[in-house]
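Visitor: So that we are looking at the same thing, I have put the structure below in structure tokens.
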Amino acid sequence: MSRAAGRMQMNRPCNVLAGVMMHAAARRDQGLALSDLEQGLVDVLGVFVSDEEISAAGRIWRKASPSTSAQLFPAVVTALPVEIAYTFDDLAADLPGLAAEILAQPNVNIVDVSTLESDGSVDTAEDVDAMTEYGGSAVTVLTGPALDESARAALTGVNIVPKSFSCVRSTPGEAGNDEIYWVCGAGSDTEQQTEYRSAVFEGLRTGHVRDFPAGQPLFLGSLHESLILNIECWEEDNGAIFEELRKQLWKISQQAAASAKSIIDHGESSDAALAAVVAVVAALLTWILGWFTNDDDLVGERSIAITAKALGYAASRLTDGPSMPNTPGFTWDFSSSEGHYRLVTAADAAPDQNMYLRTWSADRGWSGESFVPGVRVGTGAPAVGVLNGTLHYLHREWNAEEFTNAVQWRTYDGTTWSDYTKTPFASETPLSNLATMGDHLYLCYIPWPHGGDKLKLDRTDGTRWNGLASPMGGSREHAPGLAVMDNTLYCAYQRGDGIYCHPYRSDGTWGDWIPAIPYSKDAKGHVLAAYLGKLHCVFRDSADGLIWASYDGSVWTTHGAIAGARSPATPALAVRVNMMYCVHRGMDGVNWWSKFNGARWNTWEKLPGNDPIDSPVMTVFRDQLHLFYRR
């Protein structure tokens, strides 16, 4: 039996999502309508295999004997007739019953940081043995004593970095020749995400210790109650598929996390709920990885949830390390039949994550940055726009009581910021920019909860918001873009094969969708503006370059990369008088800006003294550019 098969069999109660994926493939093969959960899982699989292979997997599921299926998957899935869909509500109902079995597994642990030794070692000898027995996989929730009010208020963000690792036991038959590298995907309950991939460390053998280069975080961002890291240690260069798979699974895990509330409601602690959700998503990751990789090259994999309580306690406990002395640290084991490595991480407070504003005027250029008062830490970049001489500001904010990403709204008259008002809607996805048409301001997003991929268009007259019917479906990962041209609002959204536009006319009717922008299939975020009688779109390509395209009312023309621009985040675009301005967060972590005069882009110039942590946003207010960014 392969390690992957062994892990699946031993992790049977955790394999509910893996089973639902196979159940969904069978339903799809039969031409049955899929639930949102089923469709999401099939979409993940479709990134890696063909439609024919998905259908074949579905047929295998239908033909498998009950006894065979029962060895790998829980009965809540194997006993389900193919005619019946499995939904997020079913997952919420089933997880409480599975939680006890999941938490009974020796490789699933809830660890209180206040009980750790001074070196921060998370695992006992028994934990390492269990990880090895379970094929190198482990799930850990790191928790701690309750935080007092002041400590909780101070913990708005965290920076987790790899410090060093040691080889406890080298790969069999490879003594002195281990080539190890690390991959991590991390995200928090504010949907802050960080991806990490180390260089390859060569020539390793038992007893060796290696330091990681400074400045590359496993996670950097905000959190409310918890963050999750998926870390893998590879003996060969097979982690690329893990990086892509983690991106695809993130959208599923975000929705599955809502099911944790159901476990809490059934009497389990929040830490137990978190452990159960992390375990079922980790098992799905293991299931799909087993299809595509040589698991003999995988030393170990860990899914780790770290709570705010753990981080708050860790801030008071210091350890010394070879790379980053005097920082709170944790030590994690990665052990299997393929070797044993020990990873040391450091955790400290992230830089203050406040909202800042710069303005640009023709006579003075860019102002210095000013702090925007009263801004609460939101989820992702805000949305800004202007209506009737007032600047409007919206952002998503995690509401733990309602378990939603509620959208908060405030205004600015040029002197004073208003208090926040909670809008009547919540969003699963990053918000679009705000666009003005007539007497209304428009916003586009996917509603929470379980909005599928259906985009919703909302508008306000400055006093209240009203939802509009929408025929559009868009990406959960990237915000849609809005722009107004010739009394028509254009909504640009990412689909599987590119960026599409849908026009919404001022008379309240929708026009036909506009075919995808050429070469936008792999776009990773886009922004839209109307300038000189054309729509202009700037989007990130797969290599983080910024690509510029325009639409003349008939066809899109892709003009290619804007020279000198690469960004890890969606750029900002705005038009003032007779110029179009673009600001992007560079790969060096600093905002850069340029302007377009209808014929060419200026050379990019750096905006000094800022370290934004996500996408900038920009609008024109009182004849000045207003640039907002969080740091």
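The values are calculated or read from the model by the stated rules, or taken from the named source; none is laboratory data. In this text, all values refer to a predicted model and were calculated from it rather than measured experimentally. Neighbour counts run over all protein chains shown; Cβ positions are idealised from the backbone, glycine included. The protein model used for the area step is the full one, side chains on, heavy atoms only, and it has no ligands, DNA or RNA in it. Shrake-Rupley method; radii C 1.70, N 1.55, O 1.52, S 1.80 Å.
Visitor: Can you go through 604, 556 and tell me which one is open to solvent by less than 50 Å² (accessible area, probe 1.4 Å) and out of contact with any Leu (no Cβ under 9 Å at 6 or more places or on another chain)? If you could, list the steps in order and put the result at the bottom.
Guide: Working: 556 fails: out of contact with any Leu (no Cβ under 9 Å at 6 or more places or on another chain).
Going through 604, 556 in turn, just one is open to solvent by less than 50 Å² (accessible area, probe 1.4 Å) and out of contact with any Leu (no Cβ under 9 Å at 6 or more places or on another chain): 604.
Visitor: A follow-up question, please. Quick one: in region 141-156, of everything that is modelled with pLDDT of 80 or more and of a type outside the set (A, V, I, L, M, F, W, C), which residue is nearest to residue 197 (Cα to Cα)?
Guide: Looking at residues that are modelled with pLDDT of 80 or more and of a type outside the set (A, V, I, L, M, F, W, C), I get 143.
Visitor: A follow-up question, please. Just wondering, is there one or more residues in region 475-486 that are modelled with pLDDT under 95, in a strand (DSSP E or B), open to solvent by 20 Å² or more (accessible area, probe 1.4 Å) and in contact with a strand residue (DSSP E or B) (Cβ under 7 Å, 6 or more places away or on another chain)?
Guide: No, there is no match, as no residue in region 475-486 is modelled with pLDDT under 95, in a strand (DSSP E or B), open to solvent by 20 Å² or more (accessible area, probe 1.4 Å) and in contact with a strand residue (DSSP E or B) (Cβ under 7 Å, 6 or more places away or on another chain).
Visitor: Do any residues in region 581-594 that are under 15 Å from residue 626 (Cβ atoms) have Cβ atoms under 6 Å from those of residues that are among the basic types (Lys, Arg), where the two are at least six apart or on different chains, and which pairs are they?
Guide: Cβ pairs passing all conditions: 581/595; 591/585.
Visitor: Tally time: how many residues in region 157-209 are on the phi > 0 side of the Ramachandran plot and modelled with pLDDT of 90 or more?
Guide: Result for region 157-209: 1.
Visitor: Quick check on my filter: what residues within region 531-547 are of a type in the set (A, V, I, L, M, F, W, C) and crowded, with 21+ Cβ neighbours inside 10 Å? Break it down into steps so the answer makes sense when it comes.
Guide: Narrowing region 531-547 to residues of a type in the set (A, V, I, L, M, F, W, C): 532, 535, 537-539, 543, 546-547.
Across region 531-547, the qualifying residues are 535, 537, 538, 539, 546, 547.
Visitor: Picking from 562, 613, which residue would you name as being among the aliphatic types (A, V, I, L, M), open to solvent by less than 60 Å² (accessible area, probe 1.4 Å) and part of a loop (DSSP other than H, G, I, E, B)?
Guide: Matching residue, one of 562, 613: 613.
Visitor: In region 616-631, what residues are part of a loop (DSSP other than H, G, I, E, B) and either open to solvent by less than 20 Å² (accessible area, probe 1.4 Å) or β-branched (Val, Ile, Thr) (or both)?
Guide: 616, the sole residue that qualifies.
Visitor: Yes or no: region 580-591 includes at least one residue that is in a loop (DSSP other than H, G, I, E, B) and among the hydroxyl-bearing types (Ser, Thr, Tyr). Lay out the reasoning, then the answer.
Guide: First, pick out the residues of region 580-591 that are in a loop (DSSP other than H, G, I, E, B): 586-590.
Remaining after also requiring among the hydroxyl-bearing types (Ser, Thr, Tyr): none.
Within region 580-591, not a single residue is in a loop (DSSP other than H, G, I, E, B) and among the hydroxyl-bearing types (Ser, Thr, Tyr).
Visitor: Another one. Look at residue 570 and say whether it is within 30 Å of residue 221 (Cβ to Cβ), out of contact with any Lys or Arg (no Cβ under 6 Å at 6 or more places or on another chain), of a type outside the set (D, E, K, R) and not in a strand (DSSP E or B).
Guide: yes
Visitor: Of the numbered conditions (1) over 28 Å from residue 362 (Cβ atoms); (2) under 30 Å from the mean Cα position of the chain (by Cα), residue 509 fails exactly one; give the number of that condition.
Guide: Looking at each condition in turn, residue 509 falls short on (2).
Visitor: Please go through region 407-432 and give me each residue that is open to solvent by 20 Å² or more (accessible area, probe 1.4 Å), part of a strand (DSSP E or B) and among the β-branched types (Val, Ile, Thr), ordered by number.
Guide: Correct list: 411, 421.
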